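What follows is one structure encoded as C-alpha cells, with my remarks underneath.
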Amino acid sequence: MTQQIVQTVLEEAKKYNAKRVTSVHLVIGKLTFLGIDQIKFSYHLLVKGTLMEHSKLLIEQMEPTVKCTSCGYQGPAKYVDDPAFHFAIPTLTCPKCGEQVTIKLGRECTIKNIGIVTNGQSGDTRDVEGGK
Ligand SMILES: [Zn+2]
C-alpha cells in the first residue's frame, strides 16, 4: 500500500518536472486499520534514493462515514469502547435503528497534495512529443 503511494507520487512529480519532492500529504480513512507508524516506517525505506528522499510525510486521519439502508441514516459510524483494546472501535451498526450499515467512506487512502521543487529556469530540456 505504501509502495503504491510512493509510486503515484513519483509519477506525479515526473509530470511536473520536479527536481525534488518536499512533502506528501496523505488522507487515510480510519477503517483502513493501517498503523501510522507502519506507514511512516515503510515510507522512509521506500523513498531512499528517489526524488522523495527527505520529504516530509503528513498523515491526516479521516472519520468513517456510514449509510443505513433501513432508516436512511448517513453520518459518522457508531463507536463502542472496547476494554480489551483500550480505544473506541467503529461498529457497523446504525446509531439510529440498530440495523447493519454500509461503509461509504473511511477505507481509502488518498494523496491530498504533494510539495515539489522544480527548476523554473529557461534552458530546461523538455521532451516534446512529435517534435521531430
Ligand atoms: Zn438505521
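The values are calculated or read from the model by the stated rules, or taken from the named source; none is laboratory data. Predicted, not measured: the structure shown is a model, and the values here were computed from it. Counting neighbours? That spans all protein chains shown, and the Cβs are built from the backbone with ideal geometry, glycine included.
Scanning the stretch 48-66 for residues that are within 16 Å of the ligand (Cβ to nearest atom) and hydroxyl-bearing (Ser, Thr, Tyr) returns a single hit, THR65. Comparison of ILE116, ILE36, ILE111 shows that the only residue that is at pLDDT 90 or above and within 17 Å of MET1 (Cβ to Cβ) is ILE111.
Assessment of the stretch 46-63 against the conditions (surrounded by fewer than 12 Cβ atoms within 10 Å (Cβ to Cβ), closer than 20 Å to MET1 by Cα, at pLDDT 95 or above and of a type in the set (Gly, Ala, Ser)) yields at least one matching residue. Which of the residues spanning the stretch 1-55 are more than 24 Å from ARG107 (Cβ to Cβ) and of a type in the set (Gly, Ala, Ser)? ALA13, ALA18, SER23, GLY49, SER55, listed by residue number. Could you check the stretch 1-33 and list, in sequence order, the residues that are loosely packed, with under 13 Cβ neighbours inside 10 Å and within 19 Å of HIS44 (Cβ to Cβ)? Within the stretch 1-33, MET1, GLN3, GLN4, GLN7 qualify.
Whenever a residue of the stretch 88-116 is more than 20 Å from GLN61 (Cβ to Cβ), its partners that are surrounded by 15 or more Cβ atoms within 10 Å (Cβ to Cβ) and small (Gly, Ala, Ser), lying with C-beta atoms within less than 6 angstrom and at least six residues away or across chains, give the pairs ILE116/ALA13; ILE116/ALA18. Of all the criteria given as (1) in contact with a Ser or Thr (Cβ under 6 Å, 6 or more places away or on another chain); (2) assigned to a strand (DSSP E or B), the one not satisfied by ILE103 is (1).
Looking only at the stretch 67-91, residues that are within 14 Å of the ligand (Cβ to nearest atom) and closer than 24 Å to ILE39 by Cβ come to 2 in all. Take GLN100 and tell me if it is within 16 Å of the ligand (Cβ to nearest atom), over 16 Å from ASN113 (Cα atoms) and at pLDDT 90 or above. Spelling it out, GLN100 is indeed within 16 Å of the ligand (Cβ to nearest atom), over 16 Å from ASN113 (Cα atoms) and at pLDDT 90 or above.
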